[in-house]
Amino acid sequence: VQLQASGGGLVQAGASLRLSCAASGRTFSTYIMGWFRLAPGMEREFVAGIRWSDGSTYYEDSVKGRFTISRDNAKNTVYLQINSLKPEDTAVYYCAARDHKYRFGTRVYEYDYWGQGTQVTVSS
């Protein structure tokens with residue numbers, strides 16, 4: 001299984017970014033896909049998840065309204081759209097896959113596969 005994250009960059013506050021996670025190596029239709037982020041001095045935290053089978057989503061409370069997770073079945077890719085970026089969104093963003101068809105997980109240990117991360121830096 002390979003997860004390839006991309007789309008990060010250096011942006012100003014208020015800008016938008018779309019992160020991508022290209023998944024390969026198996027069929028992900030029964031998986032939960034998640035995005036986490038790791039900010040300096042912090043623990044890796046869950047931000048959003050999507051159930052690949054039906055597209056239902058789940059968000060960490062602090063990002064609701066600004067973050068949108070989606071998937072493209074044909075491209076086997078999961079996206080994280082981030083709007084109105086803030087300096088506190090600065091982090092390495094990771095995509096992850098959880099081999100569980102139904103229940104979203106928000107803990108790092110609940111995910112089985114991880115991408116390499118993409119850096120998002122937001123200047124004020």
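The values are calculated or read from the model by the stated rules, or taken from the named source; none is laboratory data. These numbers come from a predicted model, not from an experiment. FYI the Cβ positions are ideal-geometry reconstructions off the backbone, even for glycines, and counts take in every protein chain you see. Heads up: the accessible areas ignore ligands, DNA and RNA and are worked out on the full protein's heavy atoms, side chains in. Shrake-Rupley method; radii C 1.70, N 1.55, O 1.52, S 1.80 Å.
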Taking residue 1 as meeting all but one of (1) open to solvent by 60 Å² or more (accessible area, probe 1.4 Å); (2) within 14 Å of the chain's Cα centre (by Cα); (3) under 19 Å from residue 116 (Cα atoms), write down the number of the exception.
(2)
Among residues of the range 82-124 being among the aromatic types (Phe, Trp, Tyr) and part of a strand (DSSP E or B), the residue least open to solvent (accessible area, probe 1.4 Å) is 93
Pair list, Cβ under 7 Å, 6 or more apart: the range 99-124 residue within 21 Å of residue 67 (Cα to Cα), other residue in a loop (DSSP other than H, G, I, E, B) and open to solvent by 70 Å² or more (accessible area, probe 1.4 Å)
108/44; 122/86
Could you check, for the range 74-81, whether at least one of its residues is in contact (Cβ under 8 Å) with a residue 24 or more places away in the chain, surrounded by fewer than 16 Cβ atoms within 10 Å (Cβ to Cβ) and closer than 17 Å to residue 17 by Cα?
yes
Among residues of the range 61-81, those that are of a type in the set (D, E, K, R) and outside any strand (DSSP E or B), counted:
4
Among residues of the range 52-73 being charged (D, E, K, R) and surrounded by 14 or more Cβ atoms within 10 Å (Cβ to Cβ), the residue farthest from residue 122 (Cα to Cα) is 71
Looking at this structure, is residue 58 modelled with pLDDT of 95 or more, under 14 Å from residue 21 (Cβ atoms) and assigned to a strand (DSSP E or B)?
no
With the checklist (1) out of contact with any helix residue (DSSP H, G or I) (no Cβ under 7 Å at 6 or more places or on another chain); (2) touching a residue at least 12 places away in the same chain (Cβ under 8 Å) in hand, flag the one item residue 61 doesn't pass.
(2)
Only residues that are among the small types (Gly, Ala, Ser) and surrounded by 14 or more Cβ atoms within 10 Å (Cβ to Cβ): list them for the range 14-30, please.
15, 20, 22, 23
